[in-house]
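A.B. asks: Pasting a structure here, questions to come.
The values are calculated or read from the model by the stated rules, or taken from the named source; none is laboratory data. What you see is a predicted model; the values in this text were computed from it and never measured. So basically every Cβ, Gly included, is an ideal-geometry build from the backbone, and we count neighbours across all protein chains shown. Accessible surface is based on the protein model in full, side chains and every heavy atom, while ligands, DNA and RNA are left aside. Shrake-Rupley method; radii C 1.70, N 1.55, O 1.52, S 1.80 Å.
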Amino acid sequence: MIRFLAKVAVQHLLGAIPFGPGLYQRLQTRAVLRTSDILPNVDSKHAVALNHLSLLRNVGGVAASDVKAHLEIGAGWMPVLPLTFRRHGMGHQVLTDITRLLCHDRVPEIARRLAAIDTQALNPDVGMRGGADPLADEDMVYHAPVQVPYAVPSGAFDLVTCIQVLIYPPPPAVRAIHEEAARCLRPGGLYLATIRLDDLYALADPKLSRFNFLRYSSATWNRWFDNRFTPLNRLRPGDHARLLDGLPFERLAWRISGGGPRELEQLARIRLHAEFAHLPPSELAATNLTFLLRRV
């Protein structure tokens with residue numbers, strides 16, 4: 001708990017001073033891209049990207065080589081997913097983010113690691129052509145900082161991905177992202193998203209329950225804990241389903257992880273706030289949501 005409260009206090013302090021946001025981003029980038037840590041991180045993200053390709057193929061009926069245009073909402077620091085998709089035959093890719101995080105100078109290193117662990121790729125030299133901009137060499141365009149709606153034509157994409165992004169924005173912004181995905185997709189195009197549902201502060205404080213953030217009312221959370229650096233929305237699977245209501249999508253897959261004995265034990269460690277007490281344990285103790293939708 002002390003680590004959690006200390007991190008929140010530091011985030012609030014940095015958010016209140018002029019140079020604070022830039023300093024926090026530099027420290028976070030350094031932590032994410034430490035040379036000693038980057039290769040295991042690439043490996044784990046590559047495994048996730050292969051799982052996504054499998055879902056697209058086996059449930060969506062679409063191979064990577066069938067996708068001529070891909071929009072990624074929230075590219076993050078390391079473009080492992082788009083590089084893996086490109087290695088497996090995907091076409092033009094547009095990567096976006098609300099903050100400029102992606103480190104272009106690490107792309108060749110990431111590409112070399114992918115070449116070592118991914119032996120089934122159709123395009124084995126992706127990211128290693130030696131140009132000044134390794135993403136542009138692979139028909140990838142990076143736009144940041146940008147907000148939805150994007151300056152792209154309607155119906156321009158075969159695939160939209162939003163990977164571990166929707167844990168952060170408030171509900172109206174989540175809805176706006178879904179609406180933009182629907183606008184950008186051609187009829188029959190696919191929308192793939194994954195969303196963590198547990199408390200990210202528990203990653204830095206092992207004494208915290210993975211669902212610690214469900215202890216607080218919305219007013220208390222927004223006043224004391226929510227901040228520009230870790231703006232967790234605390235939405236549960238049912239909330240995410242409701243935010244898709246009325247949009248032109250057909251549900252192909254809706255997969256919820258968690259809710260087992262280990263997660264229920266973590267949930268039992270906290271006293272739920274009344275705002276969440278009406279929800280079933282399966283909703284409360286969910287840890288991840290993956291969905292695949294088809295634009296109709």
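A.B. asks: Quick one: which of 278-284, 95-101, 161-167 comes out on top by average Cβ neighbours within 10 Å, and what's the full order, highest first? Present the calculation step by step, with values, prior to reporting the outcome.
C.D. replies: Details: 278-284: 14.6, 95-101: 17.4, 161-167: 21.1.
Highest mean packing first, the order is 161-167, 95-101, 278-284.
A.B. asks: While we're looking at this one, here's another question. Apply 1/(1 + (r/R0)^6) to the Cβ-Cβ distance of residue 273 and residue 222, taking R0 = 22 Å, and write down the FRET efficiency to the nearest 0.05. Walk me through the intermediate numbers first.
C.D. replies: Values: r = 13 Å, r/R0 = 0.58.
The value I calculate is 0.95.
A.B. asks: What Kirkwood hydrodynamic radius, in Å, does the chain give when the mean of 1/r is taken over all pairs of distinct Cα atoms and then inverted? Kindly include the intermediate steps, with their values, before the conclusion.
C.D. replies: Working: mean 1/r = 0.0493 Å⁻¹.
Roughly 20.3 Å, rounded to one decimal.
A.B. asks: What distance in nm lies between label points placed 7 Å from Cα along the C-beta direction at residue 125 and residue 104?
C.D. replies: 2.1
A.B. asks: Rounded, prolate or oblate: which one fits segment 216-296, using the alpha carbon gyration tensor with axes a ≥ b ≥ c (rounded when a/c is under 1.5, else prolate when a/b beats b/c, else oblate)? Working shown, then result.
C.D. replies: On the way: a/c = 2.22, a/b = 1.40, b/c = 1.59.
Because a/c hits 1.5 or more and a/b fails to exceed b/c, segment 216-296 counts as oblate.
A.B. asks: About the Cα centre of the chain, how large is the charge dipole given +1 on each Lys and Arg Cβ and -1 on each Asp and Glu Cβ? Please answer in debye to the nearest 20.
C.D. replies: Numbers: 34 positive and 27 negative charges, 131 e Å.
Approximately 640 debye in magnitude.
A.B. asks: Mind giving me the FRET efficiency for residue 65 and residue 265? R0 is 35 Å, r the Cβ-Cβ distance, nearest 0.05 is fine.
C.D. replies: 0.20
A.B. asks: Run through the DSSP bridge list for the chain and note the antiparallel percent, rounded to the nearest 5.
C.D. replies: Details: 16 of 34 bridges.
Close to 45 percent.
A.B. asks: Highest GNM mean-square fluctuation, the chain, Cα pairs closer than 10 Å: which of 235, 83, 13?
C.D. replies: Fluctuation is largest for 13.
A.B. asks: Let me ask something additional. Report the FRET efficiency, 1/(1 + (r/R0)^6), for residue 48 and residue 151, where r is their Cβ-Cβ distance and R0 is 30 Å, rounded to 0.05. List each step's numbers first, then the result.
C.D. replies: Numbers: r = 29 Å, r/R0 = 0.97.
Efficiency computed from Cβ-Cβ geometry: 0.55.
A.B. asks: Given a 1.4 Å probe and every protein chain left where it sits, what share in percent of the accessible area of the chain is carbon and sulfur?
C.D. replies: Details: 7720 of 13840 Å².
The computed percentage sits at 56.
A.B. asks: Right, something else. Considering the options 96, 117, 107, tell which one lies farthest towards the positive end of the dipole of segment 87-139, charges being +1 on Lys and Arg and -1 on Asp and Glu at the Cβ, about the Cα centre.
C.D. replies: 117
A.B. asks: Given a 1.4 angstrom probe, what's the average accessible area per residue across the chain, in square angstrom? Can you show the working numbers first?
C.D. replies: Numbers: 13840 Å² over 296 residues.
In whole numbers, the chain has 47 Å² accessible per residue.
A.B. asks: With springs only between Cα atoms under 10 Å apart, run a GNM on the chain and tell me which of 147, 266, 120 wobbles the most.
C.D. replies: 120
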